[in-house]
Amino acid sequence: MLQTAATPVRNLRFEAAPGSYDTITIPLLVSMRLRRPVLLVGKPKLSASAAILHRFLNQRATLLVWSTGAPRPWQLVQRAALRLADAVFTTDESTAAAIAVARGSSAAVFNMPGPYEFDAFLGQSPRRDAGDAYRIVVRGELRPAGNALHILQSAALWAEHHPDRRIDVCWIGSGDLQGVLAAQSLPPNLLQSFPGPMTNVEAAREFGRSGILIDGLSHDEFSSGLFAEAMASGLIVIFDQHRCVDSAVLEHGVSGIAFDSQQPTGLLAALTHIMTRSTETLDDMRHEARARIRRLERHRFDTRLVRTIEMVIEARKSPGRAEPNIFAAPPVTKLG
């Protein structure tokens, strides 16, 4: 859905919208009248509706929309905003595709993953020694709706099949499921630890002495920020291939390992894949993961957004010029 407000974009740079723009439309309309690009970042309230109307009446005005999801069929104002916008920005590939359907075209729909904040996690070396390279960490609330029991079951199966290898699982977090996990009868070569909830600084230290992070969230949750922190720390992320994970961030076999959550042995197969790789191979993957996520830091994200807005405005100045689309948009590697 659209987020919280509407704001003029000054100097072509993205700004967090002042709350007053939710109710005060005059500054917004003045900005559009002066042909300043306006970026809608919010659920359409009075200001958003006014911007949409002004864009409809004034074809010279530039209207941009930041959206986190395609609108429902009955959300007419949101759909009008997407259709009238000169460009739409979103943060993952699947949402960009859904918005292209809602707009009736993929023209000027831009996938802009990020920005991510992970400074606290950059102090760890991306390399791991043999003792830490295969240590697993899971961060999140330990609730029945999550993936914790399946993770432990898969780890136990792998341990049974490889009695000569030790496997450690560290659960960062707390919840009703903690006692259930601790009470499980496990192979002797599978060890668990429960340090409890941690601050980012504490989690960064724990990440630094681990090698793998497994997505432990429930199916209706998603945290790209957690993945970003893990990748910045040098962890290899085992992620659900059915989640909205952007390939610019996590790519199977290159910057992470995907598993098929719709298959009972999908996670076990991913664990086998990673536990049988050499530490040197895993270190190469860690370096690639950190390099990719660093391209999505806030200052680089701002640069990509500014350059993309400039590209949209230049395209409007050239009649008959083909509009950019989600497949032709400047890739992260070139804009970052």
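The values are calculated or read from the model by the stated rules, or taken from the named source; none is laboratory data. Here the structure is a predicted model, which is why all the values come from computation and not from measurement. With ideal geometry, Cβ positions are generated from the backbone for all residues, glycine too; neighbour counts draw on all protein chains shown. Each accessible area value is taken on the protein alone, full model and side chains, heavy atoms only, with ligands, DNA and RNA left out. Shrake-Rupley method; radii C 1.70, N 1.55, O 1.52, S 1.80 Å.
Take THR68 and LEU191, extend 7 Å from each Cα along the Cα→Cβ direction, and tell me the distance between the two endpoints in nm.
Each label point is offset 7 Å from its Cα along the Cβ direction, giving 4.0 nm.
Sorted by average packing, counted as other Cβ atoms within 10 angstrom per residue and highest first, what order do 182-191, 103-112 take? Write out the running numbers ahead of the final one.
Working: 182-191: 13.0, 103-112: 19.5.
Result, highest mean first: 103-112, 182-191.
In nm, to one decimal, how far is the GLU117 label point from the ARG83 one, both placed 7 Å along Cα→Cβ?
Each label point lies 7 Å from its Cα, and together they span 3.8 nm.
Rounded, prolate or oblate, given the Cα gyration tensor of region 77-190, with a/c below 1.5 counting as rounded? Present the calculation step by step, with values, prior to reporting the outcome.
On the way: a/c = 3.00, a/b = 2.24, b/c = 1.34.
Here region 77-190 falls in the prolate category.
If packing is taken as the average number of other Cβ atoms within 10 Å across a peptide's residues, how do 206-213, 254-261 rank, most packed first?
Values: 206-213: 22.1, 254-261: 20.4.
Put in order of decreasing packing, that is 206-213, 254-261.
Carbon and sulfur atoms: what percent of the 1.4 Å accessible area of region 118-297 do they account for?
That fraction is 49 percent.
For region 300-307, in order, what is each residue's ³J(HN,Hα) by Karplus, 6.51 cos²θ - 1.76 cosθ + 1.60 with θ = phi - 60°, in whole Hz (x at glycine and Pro)?
Rounded to whole hertz, the list is 6, 4, 4, 5, 4, 5, 4, 5.
Given axes a ≥ b ≥ c from the Cα gyration tensor, I'd like to know whether region 118-297 is rounded (a/c under 1.5), prolate (a/b larger than b/c) or oblate. Write down the numbers at each step before the final one.
Details: a/c = 1.34, a/b = 1.25, b/c = 1.08.
Here region 118-297 falls in the rounded category.
Which whole-number value in Å² is the accessible area per residue of region 118-297, probe 1.4 Å? Walk me through the numbers before you get to the answer.
On the way: 7640 Å² over 180 residues.
That works out to 42 Å² per residue.
Give, in nm to one decimal, the length gained when the segment between GLU160 and ALA145 is fully stretched (0.36 nm per residue of separation minus the Cα-Cα distance).
Values: separation 15, 0.36 × 15 = 5.40 nm, distance 2.57 nm.
Gain on extension, GLU160 to ALA145, equals 2.8 nm.
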